Amino acid sequence: GSDRITYRDLDHRATRIAQMLRERGADAATPVGVYMTRSIGACAALLGVLKAGSPYMPLDTTQPSHRLHLLIANSGCRLVLTLRGLKGELPDDVETLLLDPEATVWRQPPPIESKAQPGEIAYVIWTSGSTGVPKGVMGTHRASINRLQWMYEKYPFAAGEVCCQKTALGFVDAVWEIFGPLLKGVSTVIVPDDMILDPEALIELLAENRVTRV
């Protein structure tokens with residue numbers, strides 16, 4: 001939409017989220033849930049979790065309550081990044097960090113360096129559970145970087161490219177859609193859910209923003 005964010009401001013948000021997570025005891029062994037719709041704020045949340053040195057676990061805001069509670073319980077997740085309007089849908093026994101624009105988290109952040117190591121878990125993405133109980137697939141930082149490096153070599157970015165992010169955060173393609181462009185300084189357009197379901201509106205949005213990769 002009309003929202004824009006620079007790399008500097010995105011890093012500012014991610015750094016502050018990371019600092020708050022560390023203050024609340026986030027570690028490399030326990031995933032931090034991200035219960036938000038696809039947005040600039042969600043991208044900042046994912047980056048903040050990684051910068052804190054924890055794995056992020058995207059939680060689909062459209063999934064049934066039973067599945068949401070099951071994934072949180074099975075993963076051992078005890079911290080969830082979310083918004084005030086979504087907080088009530090989460091289990092009572094998890095701690096939440098609200099990322100609404102007026103939240104207290106957004107004061108000037110101190111410098112912070114990520115503690116994450118290549119062999120540690122970067123994210124936990126859950127299977128659909130269509131063959132039984134959902135399974136959490138754990139992707140490492142090293143594997144994610146290897147995947148992106150392959151993409152950069154096989155399909156290198158050209159000057160002036162614009163990407164788009166259209167995939168649900170809980171689907172693995174969102175990993176390269178978000179981090180692939182960000183690590184190369186490429187602009188990304190976040191496609192609203194209603195436009196994904198409307199082919200004509202989607203094509204119009206891609207053309208308007210001169211998106212080159214989808």
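The values are calculated or read from the model by the stated rules, or taken from the named source; none is laboratory data. These numbers were taken from a predicted model, which means no experiment stands behind them. Counting neighbours? That spans all protein chains shown, and the Cβs are built from the backbone with ideal geometry, glycine included. Surface areas here come from the heavy atoms of the whole protein model, side chains and all, with no ligands, DNA or RNA. Shrake-Rupley method; radii C 1.70, N 1.55, O 1.52, S 1.80 Å.
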Notebook entry, point to check: Using 0.36 nm per residue, how much length does the chain from residue 135 to residue 171 gain when fully extended, once their Cα-Cα distance is taken away?
Noted result: 11.7 nm
Next item on the list: Summarise the accessible area of the chain (1.4 Å probe, protein heavy atoms) by the percent that is carbon and sulfur.
Entry: 55
Check: Based on the Cα coordinates of the stretch 1-41, what is the per residue volume of their convex hull in Å³?
Finding: 83
Checklist line | Mean-position separation - Cα centroids, the stretch 130-205 and the stretch 11-44, in angstrom | finding: 19
Next item on the list: Report, by chain and number, residues whose modeled amide H sits under 5 Å from the one on residue 81, excluding near sequence neighbours (fewer than 5 apart, same chain).
Entry: 33, 34, 35, 97
Item checked: Å² per residue, accessible surface of the stretch 27-118 at 1.4 Å -> 46
Next item on the list: Rank by packing, highest mean first: peptides 35-44, 50-59, with packing defined as the count of other Cβ atoms within 10 Å averaged across residues.
Entry: 50-59, 35-44
Note to self: So if each residue of separation counts as 0.36 nm, and I subtract the Cα-Cα distance between residue 9 and residue 158, what length gain in nm does that give?
What the structure shows: 51.2 nm
Next item on the list: Could you tell me how many degrees, from 0 to 90 and to the nearest 10, lie between the Cα long axis of helix 199-208 and the main elongation axis, the longest principal axis, of the Cα atoms of the chain?
Entry: 70
Item checked: q = 0.13 Å⁻¹, the chain: log10 I(q)/I(0) [Debye, one scatterer per Cα] -> -0.75
Next item on the list: Would you grab the residues whose amide H sits under 5 Å from the one on residue 187? Only those 5+ places off in sequence or on another chain, please, with H modelled 1.01 Å from N.
Entry: 163
Checklist line | Virtual spin-label span in nm between residue 107 and residue 23, 7 Å along Cα→Cβ | finding: 0.7
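Within the stretch 165-214, list the trypsin sites (Lys or Arg not before Pro) lying in a DSSP loop whose Cβ has at most 13 other Cβ atoms in a 10 Å radius.
210
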